[in-house]
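Visitor: Could you have a look at this structure, given as structure tokens, before my questions?
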Amino acid sequence: MCRRLWHPTIVALLLAWLVPAAGLAQAQPALERFEGVEPHMGTLARITVYAPDAASAREALRAGFDRIVAVNAALSDYLPDSELSRVTRDAVGRDVPIGNDLCRVLSRAQALAEATEGAFDVTQGPVIRLWREARKAKRLPDPAALEEAARRTGYRHMRLDASRCVVAFDQAGMQLDVGGIGKGYAASEALAAISALGVRSALVAISGDLAFSDAPPGLPGWRIRVHDGDLGDVGVPAVLRLANAAVSTSGNSEQHLDVDGRRYSHVIDPTSRMGLVDDITVTVIASHGVDADGLDTTMGILGAERGLALVERDPEAAALVVVRKDGQVSTRVSRRMREIAATQR
């Protein structure tokens with residue numbers, strides 16, 4: 001039995017990443033499955049919990065959604081009063097204290113930027129805003145405008161002291177955008193808030209970013225879809241049974257701009273200042289959503305070869321890369337992903 005506790009603004013959503021299994025309540029009669037969906041972070045957030053009663057489930061769901069709200073208040077570049085927006089305005093030429101959420105996300109982002117020489121760069125806000133406007137207008141951004149915006153970017157212009165949680169910019173006009181890492185962070189943080197209430201089996205899904213704790217009662221893991229099942233024999237099942245991890249998937253299927261027969265992804269390459277044109281989908285499994293989300297975005301920018309090399313440096317991360325070109329499909333699978341797949345047999 002699955003009971004849904006709906007907020008008045010909730011819209012029903014069935015995520016492709018979560019494959020329902022029948023008869024879950026019978027596996028452990030003491031626990032029931034409850035679900036809630038709310039709009040947050042520009043998309044729909046879905047939380048599934050296993051709890052002994054409706055009151056416990058309602059408390060857990062509320063804690064999870066409230067944590068997402070708090071993270072969004074820190075990380076949003078759409079909200080003019082968010083912490084990120086305030087820092088962008090106030091930290092030019094001087095140190096500004098920041099909260100733990102923004103500090104942790106910027107710290108991870110800078111680590112990725114340094115490891116990839118700027119392939120992942122959360123200071124690309126001025127360029128990303130031009131591409132947002134371009135998608136609305138259904139035309140490519142003006143090259144001169146992109147060049148001007150790029151002069152106000154660069155991760156080396158952001159000075160972050162993570163030990164003191166202070167940040168400063170040495171260049172005016174910079175703007176931060178953590179869209180390539182923030183939703184994964186929020187999913188894991190919401191899961192932590194739920195776990196703190198004693199709910200041991202839960203899943204949080206924010207668009208293509210998932211975080212989940214112990215397996216549902218009576219099952220070996222959450223059933224998580226990692227590809228469409230049309231890849232042939234790649235050694236990785238379409239659906240994996242996983243627990244206590246985070247999964248993030250990035251591609252150009254949802255947000256893109258089509259101009260003159262070419263599709264430009266919402267993911268921007270800092271080097272070219274252009275949206276990615278390769279049809280590449282990356283799925284990453286990691287221990288925390290901030291790592292899964294940041295890595296899948298970065299791998300899309302680096303491409304299959306360099307992206308896989310980056311993931312192989314992290315013994316806890318696993319990745320599947322799918323590239324579609326001229327009607328052909330090619331895949332690359334990390335060592336850790338093959339190890340996980342082998343446990344499913």
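Visitor: Just to confirm my filter: which strands (runs of 3 or more DSSP E) fall fully inside segment 1-67 and include at least 1 residues that are modelled with pLDDT of 95 or more and of a type in the set (D, E)?
Guide: 32-40
Visitor: Next question, about the same structure. Hey, any hits in segment 180-197 for a residue that's assigned by TED's automatic domain parsing to the domain that holds A30, out of contact with any helix residue (DSSP H, G or I) (no Cβ under 7 Å at 6 or more places or on another chain) and without any contact (Cβ under 8 Å) to a residue 24 or more places away in the chain?
Guide: Checking segment 180-197: at least one residue is assigned by TED's automatic domain parsing to the domain that holds A30, out of contact with any helix residue (DSSP H, G or I) (no Cβ under 7 Å at 6 or more places or on another chain) and without any contact (Cβ under 8 Å) to a residue 24 or more places away in the chain.
Visitor: Among the helices (runs of 4 or more DSSP H) lying completely within segment 79-164, list those that include at least 1 residues that are of a type in the set (V, I, T), touching a residue at least 12 places away in the same chain (Cβ under 8 Å) and buried (at least 18 other Cβ atoms within 10 Å of the Cβ).
Guide: The qualifying helices (runs of 4 or more DSSP H) are 83-90, 100-115, 125-137.
Visitor: Right, another one. When you look at A246, is it buried (at least 22 other Cβ atoms within 10 Å of the Cβ), among the small types (G, A, S), under 21 Å from M41 (Cβ atoms) and out of contact with any His (no Cβ under 6 Å at 6 or more places or on another chain), yes or no?
Guide: no
Visitor: Turning to a different aspect of this structure: Does V167 satisfy the criteria of being touching a residue at least 60 places away in the same chain (Cβ under 8 Å) and part of a strand (DSSP E or B)?
Guide: Here the answer is yes, as V167 does meet what is asked.
Visitor: Report, by residue number, each residue of segment 249-276 that is modelled with pLDDT of 90 or more, touching a Phe, Trp or Tyr at 6+ places or on another chain (Cβ under 8 Å) and surrounded by fewer than 18 Cβ atoms within 10 Å (Cβ to Cβ).
Guide: Within segment 249-276, M274 is the sole residue that qualifies.
The values are calculated or read from the model by the stated rules, or taken from the named source; none is laboratory data. The structure presented is a predicted model; accordingly, all values stated were derived computationally and were not measured. All Cβ positions, even for glycine, are placed from backbone atoms using ideal geometry, and neighbour counts span all protein chains on display.
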